[in-house]
Structure formats: C-alpha cells, structure tokens
Amino acid sequence: MPEGSDPGDGFAPRLLAWFDRHGRHDLPWQHPRTPYRVWLSEVMLQQTQVATVIPYFERFLRAFPDLPTLADAPSDAVMAQWAGLGYYSRARNLHAAARLCVQRHGGDLPRDLEALVALPGIGRSTAGAILTQAWGDRFPILDGNVKRVLARYHGIEGWPGLPAVEKSMWTLAQSHLPQARLADYTQAQMDFGATLCTRANPACVLCPLQEGCAALASGRTASLPTARPGKALPERSAVVLWAEDAQGRILLARRPPTGVWATLWSLPQADDEAQVQAWSARHLAGAWDAETLPEVPHAFSHYRLRLQPRRLREVAPKAAVGDNPDLRWVARDELHAFALPAPIRKLIDSRT
C-alpha cells in the first residue's frame, strides 16, 4: 500500500461523516484555530478530559493571550494558572517551549515537525495534532484514543506502548489519512475515541466503523487494546506541616526543582514526624504542639501517597523565614495566586 493512501475501506470518509453529525465543533480552541491555541489545548488535553480542560484553557488564555506573553511571564504566574490541572511538568515544558520559540522562531510556533518535536513537551503525536489543526498539514496522530481505535479496528495484539506495536500503529495511522479536511479528521479521531470507541463499554451499535472492525467481528472489543502488564502501585507516606501565625497566615515552602510537584508552593513536607519536628524547630519559635488531622490520600501514575497533616496554630516565625525566598507567609485570601498541589489546596480549603 502506498504511503499516505487510504486502504480502500472508507475509514476516513466514514469517520468524517460521523464527525459532521456528532463531533464536537464548538470547543474554545477551535474558534479560532491558531497555532498557539491549538498547542495549548493539546498540552492540556494530555491525560485530562475535555470538560476539565475548558475552564483552565479559558483562564490561561486570559492571563497569557499569546505566545510571547507566556514566554515573558514569571514561572510562578504560569504555575498559578495551571494549579489544579495536575501533571505539572506539562506547564513547565509549555513555559520553556514558549521561551525557546521566542529565541529560535521569532515568537511563533514553527510549522515543521522536527522543529516542533525539538521543543519541550511536544512529542510526535502532539506535533502532528498542531500541524493538522492549525495549518491543515497532512500528519497522523497517535494518542490514546487513536491507539484504541486502531487496535480494535485492525485486531492488533500487544500493548500499544511496546515499540514494535506502536510502530505498526503509526504506519496504519498514516495509511488512513485523507487528502483533505485534516483538521476535522484529527478532531474526529479524538472525539470518536472519547465518545463511542471508549475504553469500557464501547457503543459498537452506533459505530460508523463497525463494518470492517476486527475486534467486533471476533468478540474482542473488551480485550483490545491489550492492557499494559500490571503491577501493584507502591505506597509512600509523608508528613506535611500546616503552620499558621497569629494573623492566620499560612507558611508555604517551595518544592525542589525536580521530583513530584517540582517548583510548586506547598506545605513543608518531610518523610516522618521526627523530620517535621526538626524542621519546625529550625524555622519556627515555640514548642511542638501540633494537631493531627485526617490522612490525605493521593494517587500518582506511578505510586500512591498518603499525606499525614500536622497543624500548628499561632506560631511565631523566626526572623530568617521572612528572608528566605523559598518560604513565605501567605494570607488565606492570597492563596489563589500560588500554584498549590491539588491535595494541599483541598486540605486547606476543607478547614477554617
């Protein structure tokens, strides 16, 4: 089969016809489909659903309406707008990529696959999505939705994360590309996987691709795509210190530049109670008399974390705290300006 040709089964035409009737045509990044707006939406949509992304996208755009504005913004301001969306490395990569675009590409995203992939946080699929939706260029995408559709339609065995399986899917994704309407086709694939060919209970009776679907014909829609080899997630625990001074200000500490919640502001954290007490003795005046709060569980993709909060009220800060750029006393009504990890913000919001 020649590269870039339709295999003759009408895959793309049927998907586009379905999209015209049932696809999502009023998403905020579609009007207008500028490269910057498309890029921002694609990064936000990585591992996050559309309904969750929309309000973050709109707030982010109000704060940073174009790429040069984003590039020029302080890191704390960018992270504050991203706070709550999770997977914070996406925001750090977005900010770094914007600055590189100013340095290398005159403040615009480059219309070139290799140049896009060279930017932080942009892989081959994201680059393809940007090129097709912003400029109508002819490139495939291969996000989780597309992998699921291809695995079922073509009956592909093997976990899609394996290099050999992924390589075959890229070939198939390229082969299905239509000659026109690339922006709509890209959106159609994402909408179809998100609404009909879902991970659980796909709506095969409504599927425009049911004719020719290998998984439907062989009764394997529940087993394809092949699941990732499973293993139990490890569990970790940590103690966080919620310290307030006499004015009710909360002591925030900046997280390290690498690791979980890198560079975000959070409550001071240590591996165990003894370490938190030692930290408190270095930075706060007064005896340790902390209230124990209910445990806060939080799941990451690679482990589960159990946070054990300890609360100190009306503590007196030592003078050094005010001079430390990585420690800051913050009034409650100013917390919205800080990028806090979601479980920490939830903890603080749950109690007065």
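The values are calculated or read from the model by the stated rules, or taken from the named source; none is laboratory data. The model shown is predicted, which means the values in this text are computed figures rather than measured ones. As a convention, Cβ positions derive from the backbone with ideal geometry for all residues, glycine included, and neighbour counts pool all protein chains shown. The protein model used for the area step is the full one, side chains on, heavy atoms only, and it has no ligands, DNA or RNA in it. Shrake-Rupley method; radii C 1.70, N 1.55, O 1.52, S 1.80 Å.
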Solvent-accessible area of Tyr88, probe 1.4 Å, all protein chains present, reported in Å² to the nearest ten, please.
20 Å²
Reduced Cα scattering model of the stretch 234-352, Debye log10 I(q)/I(0), q = 0.10 Å⁻¹:
-0.27
With the cut-off at 21 Å, report for the stretch 36-107 the share of all Cα pairs above it, as a whole percent.
16 percent
Please report, to one decimal in angstroms, the Kirkwood hydrodynamic radius of the stretch 159-201 built from all distinct Cα-Cα pairs.
11.9 Å
Suppose we keep just the DSSP beta bridges with both residues in the chain; what percent of those would be antiparallel, to 5?
65 percent
Before rounding to the nearest 500, sum -39500 (n - 2.57) across all DSSP H runs of length at least 4 in the chain and divide by the residue total; then give [θ] at 222 nm in deg cm²/dmol.
-12500 deg cm²/dmol
Which of the GluC sites (Glu not before Pro) across the stretch 139-221 are loop residues per DSSP, with 13 or fewer other Cβ within 10 Å?
Glu157, Glu211
Please list, by residue number, every one of the trypsin sites (Lys or Arg not before Pro) in the stretch 125-213 that is coil in DSSP and has at most 16 other beta-carbon atoms within 10 Å.
Arg138, Arg199
Label model pair Arg228, Glu211: point-to-point distance (7 angstrom along the Cα→beta-carbon line) in nm is 3.7 nm
Towards the positive end of the charge dipole of the stretch 242-352, with charges on Cβ (+1 Lys, Arg; -1 Asp, Glu), say which of Trp279, Pro294, Leu264 has the farthest Cα.
Leu264
List, in order, the whole-Hz ³J(HN,Hα) value for each residue of the stretch 116-129 obtained from phi through the Karplus relation with A = 6.51, B = -1.76, C = 1.60 and θ = phi - 60°; use x for Gly and Pro.
5, 5, 6, 7, x, x, 10, x, 4, 5, 4, 4, x, 5
Using a 10 Å cut-off on Cβ atoms, rank the peptides 127-135, 30-38 from the highest mean neighbour count down.
127-135, 30-38
Carbon and sulfur %, accessible surface of the stretch 1-122 computed with the full protein complex present, 1.4 Å
51 percent
Ratio to report: Rg/Rh of the stretch 120-211, with Cα atoms as the point set and Rh obtained by the Kirkwood method; give two decimals.
0.96
Under 12 Å from the Ser89 label point (7 Å along Cα→beta-carbon), backbone N, the stretch 219-261:
258-261
Whether the stretch 66-147 is rounded, prolate or oblate, judged on the alpha carbon gyration tensor where a/c under 1.5 counts as rounded
oblate
I'd like to check one number: the per residue accessible area of the chain, probe 1.4 Å, reported in Å² as a whole number.
48 Å²
Hits among lysines - C-alpha to C-alpha of Lys167 under 25 Å, sequence gap 8 or more where chains match:
Lys147, Lys231
What share of Cα pairs, in percent, lie more than 15 angstrom apart in the stretch 200-277?
74 percent
Isotropic mean projected area of the C-alpha convex hull, the chain (nm²):
20.2 nm²
